[in-house]
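Visitor: Let me give you the structure first, and then I'll get to my questions.
Readers should treat all values here as calculations from the given coordinates under stated rules, not as data from a laboratory. From a predicted model like this one, the values you see are computed outputs, not experimental measurements. Don't worry about glycine lacking a Cβ; one is built from the backbone with ideal geometry, like all the others, and counts go over all protein chains shown.
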Amino acid sequence: MECVQTERAVSMSIITRELHKRLRKLESSRPRHRPEPTEEEKRLKYARLLIWFAVAQYLGDPNPREAPITAYARALGYEPAEFLKILKLIESGGKDPDYDQKYALANRKVFAKFGVDLDSDGKETVEALKRMDAGLSEDYRSRLLSIYRNRSYD
């Protein structure tokens, strides 16, 4: 009887070790949680999204029945279908020769619309961002906040 108990104990020990080994393997393959963004990272993320929506709203002549990306594409001087192709190209690691220039120009134009030369003092830039934010349509503000709150865009 003692021999049977010893065999059971050994078997349980082996099973327990195997379970711990499998558990460690599963835990190591689990996706890691991203650390919470800093306040500075949160502000920069919001500012980037705000500028994107501001370009769409203030330069893209938005239509209430269309997606903001259509107005954004128009603000950069693209047809929507052409712009989607460019975004796919960029996403796959490619480069469009005109995109960076059009993007920079649109950002400069939207800030100029609020009286700011981007080569000037940063304090004016912050004030312009506040005015852009205050003037966003409810639809664009709602979309901006939805994207901002989505951690997958961090």
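Visitor: Mind checking Rg over Rh on segment 94-135, alpha carbons, Kirkwood formula for Rh?
Guide: On the way: Rg = 12.1 Å, Rh = 11.2 Å.
The Rg/Rh ratio comes out at 1.09.
Visitor: Another question, then. Give, to the nearest whole percent, the P(r) tail of segment 39-153 beyond 26 angstrom, counting all Cα pairs.
Guide: Working: 1203 of 6555 pairs.
Counting pairs separated by more than 26 Å, the tail of P(r) holds 18 percent.
Visitor: Filter the cross-link list Lys102/Lys130; Lys45/Lys123; Lys88/Lys109; Lys42/Lys102; Lys42/Lys113 down to pairs whose alpha-carbon distance in this structure exceeds 21 Å.
Guide: Table pairs above 21 Å Cα-Cα are Lys102/Lys130; Lys88/Lys109; Lys42/Lys102; Lys42/Lys113.
Visitor: Just to verify a number: FRET efficiency for Lys123 and Ile14, C-beta to C-beta distance, R0 = 41 Å, to 0.05?
Guide: The value I calculate is 0.05.
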